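As structure tokens, the structure follows; a few thoughts come after it.
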Amino acid sequence: MNLNLKPDETFRGDFSTRNSDTAILRFPFPFHDDKYMYAVNLEPHVRGGPTAAYDAIFDLDEHYIGECRDRALTLAEDPLRCQVLPHMIEAEWDTLELLMESLAFDYPEHFTLTKSGTDRHWVNRPLGLDRNFTFGDASSLPLPPFEYITRQVQGDFTLHDQRENTLFMDGGMVTSQADWSLNFDLGMTFHEWHGPVPVAHELGVFDRALAYLMRLPYGKPVRRLNWTLTVHPRLDTSPETYPIWGPDKATITPANVGAHMCLRVELQTLTRLPRSNAILFGIRGYLIRLDELVRVKKWAMRLHRVLRDLHPGIAEYKGTSRYRQTIVDYLGAFDDGSIISPGTGSEQASLREVTTA
Amino acid sequence: MKLRIEAISVLSPTIRRFILAADDGAPLPVAGAGAHVMVSLPGETRSWRNAYSVVSGPGMRDHYEIVVRRSQQSRGGSAFLHERAVAGDRLEVGLPQNFFAPSRIAGRHLLLSGGIGITPFLSYIRTLHTPFELHHCCKREDTPAFAGLLPSGATNIVLHTNREELNFRTLLAAQKLDTHLYCCGPEDFMNDAFGAARHLGWPEAKIHRESFGGVVSGAFFTVHLKKSGLTVQVRQEETLLDALEAAGLEPPSLCRGGACGECELPVLAGIPAHHDHYLSDSRRAKNDAIMTCVSRAHTSELVLDF
């Protein structure tokens, strides 16, 4: 896979990142229907799906270098964004093995893993890394194994120990989150960290999802999509840095909404890890500006309808109250009200040019 | 995946060890401590699927090692492995799954096994980084077989041939607060151990069990299936799940050991005999669901919504 890696992008300050036409067309648009409601929307995570974002087990794209750099900046300011409790050391090695083997398989031109017994040779060409180490020996790596490898992959990751009939969030690398804190949630149970989510508890979504995940088999990972809205393509929207990004919510106007407002989609994957019996939760985030998204006709119409009719409790929880109407007005100009088919694919081979009012 | 029987060792008249490997020697998926594989075994009229602990542990990627006791009332699986399987045979083996992983937060582990129930602990003792103590009970004639599977000279591993000399209450009362208890063996053996733990006030979070098979045989019963319109007879030595599959149906299943919950079917009439470890006591009392892999019937007939 040719990733067309961009060498120099920012996700803060001047927000120089842009999505190429290829990146827009591969965006994992989350809405199958014109209405959105919480559900246990888990499905097998196999290669292949509605867009190219589903072609690899851990998807990388043109933003790889910039996102890894942004993660390093965030960690330099706040090392607590990566924490793993000591009893999860086997899960750390499980994660390192899974990510290295997956990247080397899906992107052989960018990553190479050579194995001999417990000796490993890892080459990450985009980031210029070349490392010999011993699997199982943390002293042979410059960082703990989980932090070492998750600094080299797009998206956040959390580690979940399974015990006492529930899952515990006992580790994570979280630098591109939709306003939640690993430092706050660390050590919580499944129902505790989902406590703030509205509506879904009453629907029984979390009870059923937990029952499913408790017996998630090894070798059969599953995925789901989640979404929110973010002002600017900013990766780090954490509670810890709210004073930096929170005020942006008040800056959205009809004139800048298309260029500043982003749909943030998380392609979430859940994988059983073999040595630790833990679950690795991958949260691969994608940001797309609305003026990029509306170049796909179906997505513009569908997002308009979903946001217009969104359950008020969910709209509030996702922090959209201040600007939802502005977005709905903007997208409404692209929606002629005609019936559109179910499904999330773009149904366009190339993008249309749009001029915004 | 198809794996080849590389070697068979006869450990006792009723216990054999099998080494399974890929034809091309490719590394096998990791089997963590306590993990098992589901092995498909050809029978006279149909195939059987049995779960066997992978005793070789996660460090071994070039082969899996399983230890199989020939069950006296074999449904077909262990009889095949003991009487017909030869080196070179190819068997369908599922990916390792784990319903009995050791606790990562335990300060120490107390492992109690009876008979062939030792198998999950063989991978534990190769893996645990925290202190453990293993007490294994077996028949006198099986002692050499089990002793050969265990490291020699270890003071924290004790073989018992007389159940009376292993007093669960005394043993459990002497444990420190950070000890987790694991037990695997015959049903009455486990009930004694867990009964002693509960009597002494051990929290459930520190009590771990896995039960393969357990009660699979029992009285003959008949199942009427409402959706498919079929009537299926469940013979004494077969499980309800096996009988449904033999009738050409594809009911849900995963662990086939009453642990995972996948095979639950709704009960419309009749009273199930619950042998699983999945349904809560209150769910059992309702008698509106059955785990087909291990549970049977108290009534001569059951009606299932399937």
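Only a single criterion out of (1) more than 14 Å from chain B (Cβ to nearest Cβ); (2) of a type outside the set (A, V, I, L, M, F, W, C); (3) under 25 Å from A:His87 (Cα atoms); (4) open to solvent by less than 30 Å² (accessible area, probe 1.4 Å) is not satisfied by A:Thr230, namely (3). Checked against the criteria, A:Glu347 does not count as under 27 Å from the mean Cα position of the chain (by Cα), touching a residue at least 40 places away in the same chain (Cβ under 8 Å) and not in a loop (DSSP other than H, G, I, E, B). Of all residues in region B:272-306, those being under 19 Å from A:Ala211 (Cα atoms) and not β-branched (Val, Ile, Thr) number 13. Of the residues contained in region A:201-208, one or more are found to be within 14 Å of chain B (Cβ to nearest Cβ), surrounded by fewer than 16 Cβ atoms within 10 Å (Cβ to Cβ), out of contact with any Pro (no Cβ under 8 Å at 6 or more places or on another chain) and modelled with pLDDT under 80. Any residue at all in region A:170-183 that is within 14 Å of another protein chain (Cβ to nearest Cβ) and either part of a loop (DSSP other than H, G, I, E, B) or open to solvent by less than 10 Å² (accessible area, probe 1.4 Å) (or both)? Yes, region A:170-183 contains a residue that is within 14 Å of another protein chain (Cβ to nearest Cβ) and either part of a loop (DSSP other than H, G, I, E, B) or open to solvent by less than 10 Å² (accessible area, probe 1.4 Å) (or both).
I'd like to check which strands (runs of 3 or more DSSP E) are fully inside region A:44-146 and have at least 2 residues that are over 20 Å from the mean Cα position of the chain (by Cα).
Filter on region A:44-146 gives A:111-116, A:119-124, A:129-134.
Residues that are touching a Ser or Thr at 6+ places or on another chain (Cβ under 8 Å), at pLDDT 95 or above, within 14 Å of chain B (Cβ to nearest Cβ) and within 27 Å of A:Tyr54 (Cβ to Cβ): does region A:71-81 have at least one? No, the conditions are met nowhere in region A:71-81.
Test A:Ser102 against the stated conditions and say whether it is within 24 Å of B:Pro58 (Cβ to Cβ) and open to solvent by 30 Å² or more (accessible area, probe 1.4 Å). Considered against the rule, which asks whether it is within 24 Å of B:Pro58 (Cβ to Cβ) and open to solvent by 30 Å² or more (accessible area, probe 1.4 Å), A:Ser102 comes out as no. The lone criterion from (1) open to solvent by 10 Å² or more (accessible area, probe 1.4 Å); (2) within 14 Å of chain B (Cβ to nearest Cβ) left unmet by A:Ile252 is number (2). Do we have any residue at all in region B:171-186 that's within 14 Å of chain A (Cβ to nearest Cβ) and modelled with pLDDT under 95? So far as region B:171-186 goes, no, none of its residues is within 14 Å of chain A (Cβ to nearest Cβ) and modelled with pLDDT under 95. Within region A:147-169, being within 14 Å of chain B (Cβ to nearest Cβ) and assigned to a loop (DSSP other than H, G, I, E, B) holds for A:Glu164, A:Asn165. Among all positions in region B:135-148, there is no residue which is assigned to a loop (DSSP other than H, G, I, E, B), open to solvent by 30 Å² or more (accessible area, probe 1.4 Å) and of a type in the set (A, V, I, L, M, F, W, C). A single member of B:Ala87, B:Ala26 is surrounded by fewer than 17 Cβ atoms within 10 Å (Cβ to Cβ), closer than 21 Å to A:Pro274 by Cβ, more than 17 Å from the chain's Cα centre (by Cα) and of a type in the set (A, V, I, L, M), and it is B:Ala26. When residues in region B:1-49 are screened for being in contact with a strand residue (DSSP E or B) (Cβ under 7 Å, 6 or more places away or on another chain), assigned to a loop (DSSP other than H, G, I, E, B) and more than 14 Å from every other protein chain (Cβ to nearest Cβ), 3 of them pass.
Every listed requirement among (1) touching a residue at least 24 places away in the same chain (Cβ under 8 Å); (2) under 18 Å from the mean Cα position of the chain (by Cα) is met by A:Asn183 save one, (2). Do we have B:Leu112 as among the aliphatic types (A, V, I, L, M) and assigned by TED's automatic domain parsing to the domain that holds B:Cys184 here? So B:Leu112 fits the description; yes.
Checked against the criteria, A:Ile314 does not count as of a type outside the set (D, E, K, R) and at pLDDT 95 or above.
This table checks each residue for (1) surrounded by fewer than 20 Cβ atoms within 10 Å (Cβ to Cβ); (2) within 14 Å of another protein chain (Cβ to nearest Cβ).
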site	(1), (2)
A:Thr241	yes, no
A:Asn256	yes, no
A:Pro274	no, yes
A:Val296	no, no
A:Arg305	no, no
A:Tyr323	no, no
A:Leu331	no, no
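Under the condition of being in contact (Cβ under 8 Å) with a residue 40 or more places away in the chain, assigned to a loop (DSSP other than H, G, I, E, B) and not hydroxyl-bearing (Ser, Thr, Tyr), the residues counted in region A:186-239 number 16. Looking at B:Phe80, B:Phe99, B:Phe18, just one residue is aromatic (Phe, Trp, Tyr), crowded, with 17+ Cβ neighbours inside 10 Å and modelled with pLDDT of 95 or more, and that residue is B:Phe18. Would you confirm whether or not region B:252-260 contains a residue that is at pLDDT below 90 and among the charged types (D, E, K, R)? Yes, that holds for at least one residue.
Would you confirm, using the coordinates I've provided, whether A:Ile279 is away from chain B (no Cβ under 14 Å) and either β-branched (Val, Ile, Thr) or open to solvent by less than 10 Å² (accessible area, probe 1.4 Å) (or both)? No: the conditions fail for A:Ile279. The set of residues in region B:90-148 being within 14 Å of the chain's Cα centre (by Cα), over 30 Å from A:Met169 (Cα atoms) and not polar (S, T, N, Q) consists of B:Gly114, B:Gly115, B:Ile116, B:Gly117, B:Ile118. Residues in region A:325-344 that are in contact with a helix residue (DSSP H, G or I) (Cβ under 8 Å, 6 or more places away or on another chain), under 21 Å from A:Thr253 (Cα atoms) and without any contact (Cβ under 8 Å) to a residue 40 or more places away in the chain: A:Val328, A:Gly332, A:Asp335.
Considering only strands (runs of 3 or more DSSP E) fully contained in region B:227-296, which possess at least 1 residues that are closer than 23 Å to B:Gly77 by Cβ, touching a residue at least 12 places away in the same chain (Cβ under 8 Å) and in contact with a Lys or Arg (Cβ under 9 Å, 6 or more places away or on another chain)? Hits in region B:227-296: B:231-234, B:289-291. Do we have any residue at all in region B:246-269 that's under 20 Å from the mean Cα position of the chain (by Cα), β-branched (Val, Ile, Thr) and surrounded by 16 or more Cβ atoms within 10 Å (Cβ to Cβ)? No, because not a single residue in region B:246-269 is under 20 Å from the mean Cα position of the chain (by Cα), β-branched (Val, Ile, Thr) and surrounded by 16 or more Cβ atoms within 10 Å (Cβ to Cβ). Within region B:61-120, take every residue that is in contact (Cβ under 8 Å) with a residue 60 or more places away in the chain and part of a helix (DSSP H, G or I) and give me the one that is nearest to the other protein chains (Cβ to nearest Cβ). Restricting to residues being in contact (Cβ under 8 Å) with a residue 60 or more places away in the chain and part of a helix (DSSP H, G or I), the top hit is B:Pro120.
If I filter region B:123-133 for residues that are among the hydrophobic types (A, V, I, L, M, F, W, C) and under 21 Å from B:Gln72 (Cα atoms), do I get at least one hit? First the steps, then the outcome.
Within region B:123-133, the first condition is being among the hydrophobic types (A, V, I, L, M, F, W, C), and the residues that meet it are B:125, B:128, B:132.
In the following step, the residues that additionally are under 21 Å from B:Gln72 (Cα atoms) were identified as none.
No, region B:123-133 contains no residue that is among the hydrophobic types (A, V, I, L, M, F, W, C) and under 21 Å from B:Gln72 (Cα atoms).
The values are calculated or read from the model by the stated rules, or taken from the named source; none is laboratory data. What you see is a predicted model; the values in this text were computed from it and never measured. Backbone-built Cβ (ideal geometry, glycine too); neighbour counts: all protein chains shown. With ligands, DNA and RNA removed, areas are computed over all heavy atoms of the protein, side chains included. Shrake-Rupley method; radii C 1.70, N 1.55, O 1.52, S 1.80 Å.
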